Amino acid sequence: MPRLAPRPLLFCANCVARPSESHEKGHAMIRWLVAAMGGWVVGVAQQPAERIDPELVGPILDRAELLLSTRHSYGVASGIDVPEEVSRSRASIGEVPVPPDLLVRELQRLLAMTGDGHAQVRHMSRDSQLQDGLPIACMALDLRPGGRVVATEPDGAGLVDADHPFLVAIDGVEIERWLEIAREIATGGSVHARRAGACRALGRVGWIRERLDVDPASTVRLTLGSGDGSKTEVSRDLLESDSRGFRQQPFDVLADAEFAYIPIRSMWNPSADRETASAFAELRRNLDAARDAKGVILDIRGNRGGVREVLYLVASYVLAQESDPVVFSAARVLMWDRRDDERVQWQLESRRLFLPDDPRWTPSERGAIREFLDRFEPEVELDGRFGPLHVAVLSPAGPGNGALAGKPIVVLIDERCISAADVFAAGLKELPGVTLVGRPTSGASGMSQWTDIGYGIELKVSTMVSFMADGGVFDWHGVRPDIEVELVPEDFTRAGNDTALERALDVLRVAQ
């Protein structure tokens, strides 16, 4: 008999078969009723105890397998053997009561294999949260596997050791071995997103030590290295939480009268609320004010997405009124029995994705779509479980009236750009006069949704496969810059320079 704790959590097996917004509202009502009745209602599971009994683990993994095999677009498109991988998870967990955190990590491993940039595991137990953290921030200087990792103070105030900026080993074990294990739970799509995620996951010190057979301790031994190979060691106490460090964010003003600098911190929805409507209106004022500048920098570094309206607004300024429309993205949605077709259609249209023969296209847009389809070669061929291809087009229409057409424009991007920020970068990359500068974006565009699979565990998975103009999958690659910038260790400190911004300014000066 599973142990029960007093705080209620809902589990509903129908979520796997019929996830919907109305169903989620029903969940909220049932949770309220459960709380009002003291948490004892038939059919509602309770707050997880310290360990999950084996008879509950099996059904949870069954539902995860069903979800990844039939309701997860990248679980299907990636071609991984989901049943085989779930069997590995069963073997790893065993037939004994397990801590919730162990099950959560196995689910993270499964999601990470699919390359879904939106994938997440959510769990309510404290066991699934960080219990300790490194007393430094680990920042990926090189986003490729085997690249160097910079060690900074937790708040980014400076490097741990200016003469030895690179993290070489932890507890005497090479950093790549630590990252190899951390990568198992670093969900994300592209290789560089997984690399950055693995650096963040190094904060799971206790779990990684257990995997490495390193004795637990309240301190950690750090080996730091320099560019010429010299090394030094420091020991520090572990922290109670993770260290995020410092990364450059868009700022307000650029002290350069020649060029306009426009920060875009979010992909704002102008109709969501007063705050986002105000931010959207300010962006439009900034774009209008850039008419007299010799060039424009659009800084979206660290932008976590939102909606696509910002892209279409900016494109209306960049595209000359006499320009041809540009097809910049395509997508197919995974369908299943009893999926709400009307809701899917609404979700597609809210992203401005339409069928190629949709009557709302203009004649010039239809011509651009025909040319695009003639040359379009998707990276992965999707089977009949996916709906028809929809496309997204940028056209020379809208409030901007091509006011910035002909000016050199630089878009600053990095691996923290995700979702609608990925799409923004991909769209502008296809427009004349635009240069992307920085580091590749994270890669995520998949119409994601949360599903409760039991015992307070929820999985967020994508249900759409999105392609860039060249046929590459957004989630598996992200958007690569036209000019990739090699950062220096000081870029990860508050006192350091902004190498990417300096490169963007160089691009604009050369373009004069």
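Using 0.36 nm times the number of residues separating Trp336 and Ala281, minus their current alpha carbon distance, what extension gain do you get?
15.8 nm
Which trypsin sites (Lys or Arg not before Pro) from the range 409-504 combine a DSSP loop assignment with at most 11 other Cβ atoms within 10 Å?
Qualifying residues, ordered by number: none.
Please compute the length gained on full extension between Ser69 and Asp470, using 0.36 nm multiplied by the number of residues separating them and subtracting their Cα-Cα distance.
Extra length available between Ser69 and Asp470 comes to 141.6 nm.
For the chain, what proportion of DSSP beta bridges, expressed in % and rounded to the nearest 5, is antiparallel?
Looking only at bridges with both residues in the chain, the antiparallel portion is about 75 percent.
Roughly how far apart, in whole Å, are the Cα centres of the range 215-249 and the range 338-371?
50 Å
In percent, how large is the relative contact order of the chain, given Cα pairs closer than 8 Å and 6 or more residues apart?
19 percent
Would you work out if the range 267-322 is rounded, prolate or oblate? Take a ≥ b ≥ c from the square roots of the eigenvalues of the alpha-carbon gyration tensor; rounded if a/c is under 1.5, else prolate when a/b is larger than b/c, oblate otherwise.
Verdict is prolate for the range 267-322.
Within the chain, which is the longest segment that contains none of the chymotrypsin sites (Phe, Trp or Tyr not before Pro) sitting in a DSSP loop with at most 15 other Cβ atoms within 10 Å?
41-250
At 222 nm, what helix-only mean residue ellipticity would the chain give, in deg cm²/dmol to the nearest 500, using -39500 (n - 2.57) for each DSSP H run of four or more?
-10000 deg cm²/dmol
Under 11 Å from the 7 Å Cα→Cβ point of Leu355, by amide nitrogen: which residues of the range 370-397?
Answer for the range 370-397: 388-390.
Which of these values of Kirkwood radius over Cα pairs in Å was calculated from the structure shown: [x] 27.6; [y] 24.0; [z] 24.7?
It is the one labelled [z].
About its Cα centre, what dipole magnitude does the range 179-269 give when the only charges are +1 on Lys and Arg Cβ and -1 on Asp and Glu Cβ, stated in debye to the nearest 20?
240 debye
Where the centroid of each part is defined by its Cα atoms, how far is the range 66-119 from the range 476-512 in Å?
That distance is 37 Å.
Please work out how much length the chain gains when fully extended from Leu212 to Glu174, using 0.36 nm per residue of separation minus the C-alpha to C-alpha distance, in nm with one decimal.
Extra length available between Leu212 and Glu174 comes to 12.6 nm.
Given Ser78, Leu102, Val393, which one lies farthest toward the positive end of the charge dipole of the chain, if we put +1 on the Cβ of every Lys and Arg and -1 on the Cβ of every Asp and Glu?
Of the candidates, Val393 comes out farthest on the positive side.
Do any GluC sites (Glu not before Pro) in the range 60-163 lie in a DSSP loop with no more than 15 other beta carbon atoms within 10 Å, and if so, which?
Answer in residue order: Glu95.
When the label point is put 7 Å from the Cα of Arg494 along its Cα-to-beta-carbon vector, which residues of the range 150-165 have a backbone N closer than 11 Å?
Under cut-off, by backbone N: 154-158.
In square nanometres and to one decimal, what's the mean projected area of the convex hull around the Cα atoms of the range 413-499?
Mean shadow area of the hull around the Cα atoms is 7.9 nm².
Which value, in debye to the nearest 20, describes the size of the charge dipole of the range 137-237 about its Cα centre when Lys and Arg Cβ atoms bear +1, Asp and Glu Cβ atoms bear -1, and nothing else is charged?
Dipole size: approximately 420 debye.
Tell me the label-point distance for the pair Met124, Asp228, using the 7 Å Cα-to-Cβ offset, in nm and rounded to one decimal.
Between Met124 and Asp228, the label points sit 5.8 nm apart.
Given +1 on the Cβ of Lys and Arg, -1 on the Cβ of Asp and Glu, and no further charges, what dipole in debye does the range 401-512 carry about its Cα centre, rounded to the nearest 20?
Dipole of the range 401-512, to the nearest 20 debye: 300 debye.
Specify which residue in the list His192, Ala272, Gly227 is farthest towards the positive end of the charge dipole of the chain, using unit charges on the beta carbon of Lys, Arg (+1) and Asp, Glu (-1), about the Cα centre.
Of His192, Ala272, Gly227, it is Ala272.
Can you tell which of Met464, Gly433, Gly496 lies farthest toward the positive end of the dipole of the chain, using +1 and -1 charges on the Cβ of basic and acidic side chains (Lys, Arg; Asp, Glu)?
So the residue we want is Met464.
How high is the relative contact order of the range 137-237, in percent, counting Cα pairs under 8 Å that sit 6 or more residues apart?
Computed over the range 137-237, the figure is 28 percent.
According to the square roots a ≥ b ≥ c of the eigenvalues of the Cα gyration tensor, what is the shape class of the range 137-237, taking rounded for a/c under 1.5, prolate for a/b larger than b/c otherwise, and oblate for the remainder?
Note, shape of the range 137-237 comes out oblate.
Compute the relative contact order of the range 52-156 as a whole-number percentage, counting only Cα pairs closer than 8 Å that sit 6 or more residues apart in sequence.
Computed value for the range 52-156: 21 percent relative contact order.
Read-outs: derived from the displayed coordinates by stated rules, not from any lab. These numbers were taken from a predicted model, which means no experiment stands behind them. Ideal geometry is used to build each Cβ from the backbone, glycine not excepted, and the neighbour counts take in all protein chains shown.
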